[in-house]
Amino acid sequence: MTDPRSVGLVVPQTARFDQELPLKSGARLPGFELVHETYGNLNAARSNAVLVCHALSGSHHVAGYHDAADPDKTLGWWDNLVGPGKPLDTRKFFVVGVNNLGGCYGSTGPRSLNPETGKPYGADFPLVTVEDWVEAQARLADRLGIDTWAAVIGGSLGGMQALQWTLAYPERVRHGIVIASAPKLSAQNIAFNEVARQAILSDPDFHGGHYYEHGVVPRNGLRLARMVGHITYLSDDQMAEKFGRKLRHGEPRFNYDVEFEIESYLRYQGDRFAKSFDANTYLLTTKALDYFDPAFDYDGDLRAALARARADFFVASFTTDWRFAPERSREIVYALLHNGRRVSYAEIDCDAGHDSFLLDSPHYHAALGAYLEGISA
Amino acid sequence: MTLYGRFDFDYIARWISPGERVLDLGCGDGSLLRYLQETKGIRGYGVELDPGNVTACIQNGVNVLQFDLERGLQGFEDDSFDHVIMSLSLQTVRHTVPLLKEMLRVGHEAVVSFPNFGYGPHREAIAKGRMPVSKHLPYQWYDSPNVRFFTIADFDALCAEQGIQVRELLAFADGQPVGGDPNLKGEVGLYRLGRQGSGPGG
């Protein structure tokens, strides 16, 4: 099976950085590794590079597949967007995906060995922020010979990184593409994150974050965390349509086993996630989300915070996303208007809630594709 | 708007100075803004609700914001635009007066055009007992997107009552400016509006 619109089989690469990285928290990482993938070719002018930033559970594996024998099961998380002839067209752009610092897909994170102890960092891995991720990504850009990104794009937490890029390195980003994102989390967003963290922290197998040494993982906590998170990714309507009050056995059985189909679905999602993801990474990533607030240093004035940006912007939101609702994207748009930035904003009618940004509803990909087509490479 | 709007582009452009900030409400596929970008070097933004038009604007190289005008312009700051334009769509908006006031809050001047129900042939249609159907009113009464039906004289009266200054009025028929009584001869009225008390020319 060869799909002409797939980037095909891809092999991740690892970049090693030996220069110390000072973090926003004040901690320092003596050195680090970033696992990344690239698709397409960097042109001679080095002007066609696009960075794709991942969200909570994403990775460097954006497009194509890792196992030629089983492409469908090893597909990148944004494969419907990236490839030859797709909206983020790899015939035009050189696309870079990177696993963030603190991640669990190969970049330096809690599972990596702490050079000071010779043991995995575990809970000793410092908390990293969106700003720290962008600093690490900037070093990768230097390594790849990319002075200026044609665009930095991301959805959700990835959109926050795209926005942060335009603030930290205004001259190094021509277009910021911020999808299903927010300028900062609401109290409700933080509350959901806190429930997820408590599920992990209170799991007896957590061992203060040093579970690797005990040969266990806090699977139950991570599973619960994902179940809570997953509820916030879907819309009420979509859940009603997909599961409603459907009973597995057609009638109530009066016990705590799976009865309603939604229970089955959430348990399945939780189990699957808990097998592949790392609990410490989940913890620190939710904290990175909570801390992100570029307006914090400007008395909460987002307009002042975005004054540094020099990029053009495409912002998109989804009508049924209640995690990062359209209002949150409009805050970004109005702050950009205040600063006279060029910006287009699409509010896409899609019933899939927050997860809509990973789907390919027609208006979404048409508008995003048109914007990407207008970017000069 | 691309279908009917082009004849007024030149006239609108005469009211726009080079490099202005322009907001076009109900901007369609963005062709007016594109025209003003190319001829006047404006910094333009369009507001449009239709998904196909949003994509068309982006393809036209025009900044577009997919906002619902019925929600008003509250997110836009005072005096943030030199001109706020609403071309041939005022009759489709329910909250006419609040929107006009919002346009003049956000912009120094407003440019508004609409199909004139007082146009001679329309009066004749009514005199014969039928609602007018024409190039600029192509709909039947039961499938029209228009929700407000008014004449140039009605609009003049509203502006006087609301303290909106009419700085210029051009009337068009068959895509050409017409002289004489605009309410009788004009198929379309094109207005340049300002706030009472602020200087003409914005």
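Couple of notes before you dig in:
- Just one of (1) in a loop (DSSP other than H, G, I, E, B); (2) surrounded by 15 or more Cβ atoms within 10 Å (Cβ to Cβ); (3) in contact (Cβ under 8 Å) with a residue 60 or more places away in the chain fails for B:Lys135. It is (2).
- Selected residue (criterion: surrounded by the fewest Cβ atoms within 10 Å (Cβ to Cβ)) from residues of the range B:101-118 that are over 18 Å from B:Gly194 (Cβ atoms) and not hydrophobic (A, V, I, L, M, F, W, C): B:Gly118
- Under the condition of being assigned to a loop (DSSP other than H, G, I, E, B) and surrounded by 22 or more Cβ atoms within 10 Å (Cβ to Cβ), the residues counted in the range A:80-124 number 13.
- Hits in the range A:246-262 (condition: surrounded by 15 or more Cβ atoms within 10 Å (Cβ to Cβ) and part of a loop (DSSP other than H, G, I, E, B)): A:Val258, A:Glu259
- Complete set of residues in the range A:174-232 that are among the β-branched types (Val, Ile, Thr), surrounded by fewer than 21 Cβ atoms within 10 Å (Cβ to Cβ) and assigned to a helix (DSSP H, G or I): A:Ile190, A:Val195, A:Val228, A:Ile231, A:Thr232
- Only strands (runs of 3 or more DSSP E) whose full extent lies in the range B:61-121 are considered here, and the ones with at least 2 residues that are in contact with a Phe, Trp or Tyr (Cβ under 6 Å, 6 or more places away or on another chain) are B:63-65, B:107-115.
- Failed condition for B:Ala153, given (1) touching a residue at least 24 places away in the same chain (Cβ under 8 Å); (2) surrounded by fewer than 17 Cβ atoms within 10 Å (Cβ to Cβ); (3) out of contact with any Gly (no Cβ under 8 Å at 6 or more places or on another chain); (4) over 19 Å from B:Gln196 (Cβ atoms): (3)
Per-residue answers, yes or no, for (1) out of contact with any Leu (no Cβ under 7 Å at 6 or more places or on another chain); (2) of a type in the set (Phe, Trp, Tyr); (3) buried (at least 23 other Cβ atoms within 10 Å of the Cβ):
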| position | (1), (2), (3) |
| --- | --- |
| B:Tyr45 | no, yes, yes |
| B:Glu48 | yes, no, yes |
| B:Ile58 | yes, no, yes |
| B:Val62 | no, no, yes |
| B:Arg71 | yes, no, no |
| B:Asp78 | yes, no, no |
| B:His83 | yes, no, yes |
| B:Leu88 | yes, no, no |
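- Condition check for A:Ile153: within 26 Å of A:Arg330 (Cβ to Cβ), assigned to a helix (DSSP H, G or I) and aliphatic (A, V, I, L, M): no
- Test: B:Val54 is more than 16 Å from the chain's Cα centre (by Cα), within 10 Å of chain A (Cβ to nearest Cβ), modelled with pLDDT of 95 or more and in a strand (DSSP E or B): no
- Meets criteria (over 21 Å from A:Phe314 (Cα atoms) and small (Gly, Ala, Ser)) for A:Ala141: yes
- Out of B:Tyr11, B:Tyr45, sole residue that is within 14 Å of chain A (Cβ to nearest Cβ) and either among the aromatic types (Phe, Trp, Tyr) or part of a helix (DSSP H, G or I) (or both): B:Tyr45
- Within the range A:328-362, the set of residues being at the interface with chain B (Cβ under 10 Å from one of its Cβ atoms) and basic (Lys, Arg) comprises A:Arg330, A:Arg341, A:Arg342.
- Any hit, the range A:296-316, residues being touching a Cys at 6+ places or on another chain (Cβ under 6 Å) and within 12 Å of chain B (Cβ to nearest Cβ): no
- Condition check for B:Arg71: of a type in the set (D, E, K, R), at pLDDT below 95 and more than 19 Å from B:Arg167 (Cβ to Cβ): yes
- Conditions (1) touching a residue at least 40 places away in the same chain (Cβ under 8 Å); (2) closer than 14 Å to A:Gly159 by Cβ; (3) hydroxyl-bearing (Ser, Thr, Tyr): number failed by A:Tyr345: (1)
- Residues in the range B:170-187 that are in contact (Cβ under 8 Å) with a residue 12 or more places away in the chain and either touching a Leu at 6+ places or on another chain (Cβ under 7 Å) or surrounded by fewer than 16 Cβ atoms within 10 Å (Cβ to Cβ) (or both): B:Leu170, B:Phe172, B:Asp174, B:Gly175, B:Gln176, B:Pro177, B:Pro182.
- Some residue of the range B:110-128 being within 14 Å of another protein chain (Cβ to nearest Cβ), closer than 15 Å to B:Asp24 by Cα and modelled with pLDDT of 95 or more: no
The values are calculated or read from the model by the stated rules, or taken from the named source; none is laboratory data. This structure is a prediction, so every number in the text was calculated from the model and none was measured. Virtual Cβ from ideal backbone geometry, glycine too; neighbours counted across all protein chains shown.
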